[in-house]
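What follows is a set of notes on a single structure, which appears directly below.
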Amino acid sequence: QLQLVESGGALVQAGGSLRPSCAASGSIFRTLSMAWYPQGPKKQRELVATITRGGSTNYTDSVKGRFTISRDNAKNTVYLQMNSLKPEDTAVYYCRSTINRYDYWGQGTQVTVSS
C-alpha cells in the first residue's frame with residue numbers, strides 16, 4: 001500500500017512561484033512513476049506533469065516552460081516547481097501513482113493565485 005501526502009500549497013500573487021511537494025511512504029517510491037494533477041474549481045483533475053522512475057519528464061502544453069517536476073528518491077518525495085503562476089493555475093494539486101493498476105492519490109494541497 002502507498003500513502004501520498006501533499007504539502008506546500010499557498011496563496012501567491014500572479015507571477016509568483018511555489019514548490020508543492022508530495023511525500024510517499026516506503027522505499028517502493030523509487031520504482032514508481034509519479035504525476036501531478038490539479039483540479040480547479042468546478043473542473044476535473046487534469047494531468048500536467050509526470051516523471052518516470054528514471055527521471056524522464058513530460059508536461060502538458062499549458063505548463064511547459066513554467067512548471068518543473070522533480071524527485072528526490074532519498075526523501076521519497078516528488079516536487080512541482082511552479083513559476084510565473086497565473087490565476088488559472090488556481091487548483092487543488094494532487095499527486096498520483098499507480099501500482100498494479102491501482103491508483104493512489106494524496107489528499108491534495110491548495111494553490112491559489114491572486115490577480
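None of the figures in this text is laboratory data; all of them are computed from the coordinates on show. Note that this is a predicted model, so its numbers are computed, not measured. Here Cβ is always computed from backbone atoms with ideal geometry, including for glycine, and neighbour counts include all displayed protein chains.
Remarks
- Phi-based couplings in Hz for the range 44-50 (Karplus 6.51, -1.76, 1.60; Gly and Pro marked x): 7, 5, 10, 6, 10, 7, 9
- Estimated FRET transfer efficiency when R0 is 25 angstrom, pair Gln1-Asn83 (beta carbons, to 0.05): 0.15
- At an R0 of 41 angstrom, the distance between the Cβ atoms of Ala10 and Asn100 translates into a FRET efficiency of 0.75.
- Eligible lysines near Lys64 by straight Cα distance, threshold 20 Å, same-chain separation 8 or greater: Lys86
- Highest mean packing first, where packing is the average number of other Cβ atoms within 10 Å per residue, the peptides 21-30, 56-65 line up as 21-30, 56-65.
- In straight-distance terms, cross-link reach from Lys42 covers every one of the aspartates and glutamates whose alpha-carbon lies under 16 Å from its own, apart from those fewer than eight places away in the same chain; here that gives Glu88, Asp89.
- For the chain, averaging the sequence separation of C-alpha pairs within contact (under 8 Å, six or more residues apart) and dividing by the residue count gives a relative contact order of 37 percent.
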